[in-house]
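Written below as structure tokens is the structure these notes are about.
Bear in mind these aren't lab numbers, they're just calculated from the coordinates by the rules spelled out. Please read these numbers as outputs of a predicted model, since none were measured by experiment. Cβ: placed from backbone, ideal geometry, glycine included. Neighbour counts: every protein chain shown.
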Amino acid sequence: MTEKINIKLPVDLLELTGLSFERLEERSLLIWVLELYSEGKLTLSKAATLVQMKVDKFLSEFQKRHLKHVGGPDTVQEVQKDFDTIQNLTKDQ
């Protein structure tokens, strides 16, 4: 189980966004993880895991916000190509 931390946000955010507390928490986590991934501080798989998304869904969220990543694959196709390459290199082992 992952340890959790509490972050205090203004209550006004609930009213401004129209989100429930849980949805605001999820969205805040997603935005933070997207930023950490874009800075190269998280791997793609770790970032997707932290927000409980599949890699392609996470990349879709990343691209939807027009973020840029420091190194690594930028598209789902690039991730798939990397994955296929790794599969081919390790299938005979």
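Considering only 43, 17, 75, give the residue with the highest GNM mean-square fluctuation for the chain, with springs between Cα atoms whenever their separation is below 10 Å.
In this elastic network of the chain, the residue with the biggest mean-square fluctuation among 43, 17, 75 is 17.
First measure r as the distance between the Cβ atoms of residue 56 and residue 16, then evaluate 1/(1 + (r/R0)^6) with R0 = 41 Å and state the FRET efficiency to the nearest 0.05.
For R0 = 41 Å, the calculated efficiency reads 0.85.
Please return the longest stretch of the chain lacking exposed loop sites, where trypsin sites (Lys or Arg not before Pro) count only if DSSP places them in a loop and at most 15 other Cβ atoms lie within 10 Å.
Between the exposed loop sites, the longest stretch runs 9-40.
Could you size up the charge dipole of the chain around its Cα centre, putting +1 on the beta carbon of Lys and Arg and -1 on that of Asp and Glu, and report it in debye to the nearest 20?
20
If each DSSP helix of 4+ residues adds -39,500 (n - 2.57) and the sum is divided by the residues in the chain, what number results at 222 nm, nearest 500 deg cm²/dmol?
-18500 deg cm²/dmol
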